[in-house]
Amino acid sequence: MLPVSSRINKIRDILAQKGIDALLVSDEKNIYYLTGFPWGFRLLIPLDGESTLFVHSVNYEAAKYAIRDAAGLRIELIRVGEKWGQKIISVIGGGGFKAVGFDRISATEYARIRDSLRSLNLECLEEAIWSLRKVKDEFELTLIRRAAELTRRGMIKAFEVIRPGLMEWEVAAEIEYEMRRLGSSGVAFDTIVCSGPESAFPHGGFGERKIEEGDLVVVDIGAKYRGYCADMTRTFIVGKPSEKQKELYDIVRRAQRLAIKHVRSGVRAKDIDEAAREYIAGRGYGEYFVHSLGHGVGLDVHEPPTIGPTSEEVLSCGNIITIEPGIYIPGFGGIRIEDTVLVLEDKATNLTEISEGEELIS
Ligand code: ZN
Ligand code: ZN
């Protein structure tokens, strides 16, 4: 059972602390996090009393079913053709609130609420919600571990199938089929299988290249399990690696291991980034490491905390982050190695580890 009531209580603590009377939640993932229902439209949590989950007619029956046991949560139906903006404003207006927080809102909706309820203070509380979502509870960790295991299995499949003559999309299909077959509820992001010179594009190529002998192949994948994501990258060398490929692979591998060793509660995210960045720069490839070292993972595949040079974050127990150094040389190719890790008191647990014997370099 999703621990939503304890999450809503934490939201109320934040509201009380900040002197805000209610929170209007618009982000779908935040609504899911706070209610257990994935298709909510808006959620209004007052400091005291019942919360209101706004749902469109199309999701009404599913909402009733999903939150049948949730105490203190009522459903407000938005009928087909009904003006939802007015409905939300009238519920907020009826609450007699002086200050209402929001997570993420369009400029149009912000202006509409402000113009209709002129004495209302609107305050952004997006960061406060992230402060909860960044620290995963036991329930979430179970789901993320499962997503990570499905992702590992997808990567092992990639290792089995990659060979010269195969199209990138065929490899992607095999990986996604494997993850789906084992219970994944979808992919956390579009599968990246990127070979040859195009592997130098960190976000992937076009998926239409035929894999050739001697290629570097970057495979960046993530399974999803009950809303939660995992994220993992391995780089394969097809056939016998060249000296240069071996050198680059070794640098990225060592940088990644070094960074993971730095991960623990209380450490600054930018110090972890710096450890990997300095190592790669020391080996002469600093200018080719063109992205941050990592990011948080949860209901979103990219979420706080960011692990980068300008990050102000300090890690704490229960954070789930990626560690993904890379070197990308235009015209030559790229290498990235990425794992999803759990931050603990004095170390990290790697959730997408592949044991030494299965080392994914072909
Ligand atoms: Zn990734
Ligand atoms: Zn990533």
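Tabulated results
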quantity: Globularity index of the chain, i.e. its alpha-carbon radius of gyration over 2.2 N^0.38 Å; calculated: 1.11
quantity: Residues of type aspartates and glutamates that K98 reaches as a straight line, Cα spacing below 12 Å, ignoring anything fewer than 8 places off in the same chain; calculated: D21, E123
quantity: Volume of the Cα convex hull of region 159-244, divided per residue and given in Å³; calculated: 85 Å³
quantity: Accessible-area ranking of H295, H302, H262, largest first, probe 1.4 Å; calculated: H302, H262, H295
quantity: Set of lysines with alpha-carbon distance to K244 below 23 Å, sequence-local pairs under 8 removed; calculated: K210
quantity: Top of M232, M167, M179 by mean-square fluctuation, Gaussian network on the chain, Cα under 10 Å; calculated: M167
quantity: Rounded to 5, percent antiparallel among DSSP beta bridges of the chain; calculated: 75 percent
quantity: Radius 13 Å from Cβ of R268, net charge of other residues (Lys, Arg +1; Asp, Glu -1); calculated: -3
quantity: Rounded to whole Hz, the Karplus (6.51, -1.76, 1.60) HN-Hα couplings of region 110-118, x for glycine and proline; calculated: 4, 5, 5, 5, 4, 6, 7, 10, 5
quantity: Subset of K224/K261; K29/K157; K224/K347; K18/K224 violating a 28 Å alpha-carbon distance limit; calculated: K29/K157; K18/K224
quantity: Alpha-carbon centroids, region 75-118 and region 303-333: separation in whole Å; calculated: 37 Å
quantity: Calculated [θ] (222 nm, deg cm²/dmol) that DSSP helices of n ≥ 4 give over the chain, each run adding -39,500 (n - 2.57); calculated: -11500 deg cm²/dmol
quantity: Within region 115-149: backbone nitrogen closer than 15 Å to the K98 label point (7 Å, Cα to C-beta); calculated: 119-123
quantity: Accessible area of D190 in the full protein assembly, 1.4 Å probe (Å², nearest 10); calculated: 130 Å²
quantity: Accessible-area order (highest first, 1.4 angstrom probe) of the listed residues K136, K244; calculated: K244, K136
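The values are calculated or read from the model by the stated rules, or taken from the named source; none is laboratory data. Quick caveat, the model's predicted, so the values are computed rather than measured. With ideal geometry, Cβ positions are generated from the backbone for all residues, glycine too; neighbour counts draw on all protein chains shown. Just so you know, the surface numbers come from the protein's heavy atoms only, side chains and all, with ligands and any DNA or RNA stripped out. Shrake-Rupley method; radii C 1.70, N 1.55, O 1.52, S 1.80 Å.
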